[in-house]
1. Return the pairs, sorted by first residue and then second, in which the second residue is among the hydrophobic types (A, V, I, L, M, F, W, C), the first residue lies in the range 26-54 and is assigned to a loop (DSSP other than H, G, I, E, B), the beta carbons are less than 6 Å apart, and the residues are 6+ apart or on different chains.
2. State the number of residues belonging to the range 1-13 that are surrounded by 12 or more Cβ atoms within 10 Å (Cβ to Cβ) and touching a residue at least 12 places away in the same chain (Cβ under 8 Å).
3. Specify which of the listed residues (Val37, Val33, Val53, Val65) is of a type in the set (A, V, I, L, M, F, W, C), modelled with pLDDT of 65 or more and surrounded by fewer than 10 Cβ atoms within 10 Å (Cβ to Cβ).
4. Within the range 20-48, how many residues turn out to be touching a Gly at 6+ places or on another chain (Cβ under 7 Å) and small (Gly, Ala, Ser)?
Amino acid sequence: MPRPTTAQITYGSVTVVFSTLAMLLLSQTSSGVGIAVITLAALGLGILVALTVPFPKPAAPEALVLSAAPEERVPAQRGVLAESVASETARS
């Protein structure tokens, strides 16, 4: 199983904290058993939320090839720039 991402850990933790607070405030329980049940339910909900956050997809090989060749584009840009500089110097 892949390692959890930062987003998964964050979403799961926030879910546990807020759902625990919400359930404790809504139920107004003061017994130890009630608090334990609510805590376990919130933990289960946090795990469920963390597992449903999608994993990032690996980059496609085509995207890596296209972004890895800036050297091929630079001479064409220099050629256009050189032509415009040459035409400006010819005007002067």
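1. Val53/Ala7
2. The number of residues fulfilling the criteria is 8.
3. Val33
4. Total satisfying the criteria: 2.
The values are calculated or read from the model by the stated rules, or taken from the named source; none is laboratory data. All figures in this text were calculated on a predicted structure; none of them were measured in a lab. We place every Cβ from the backbone using ideal geometry, glycine too, and count neighbours over all the protein chains shown.
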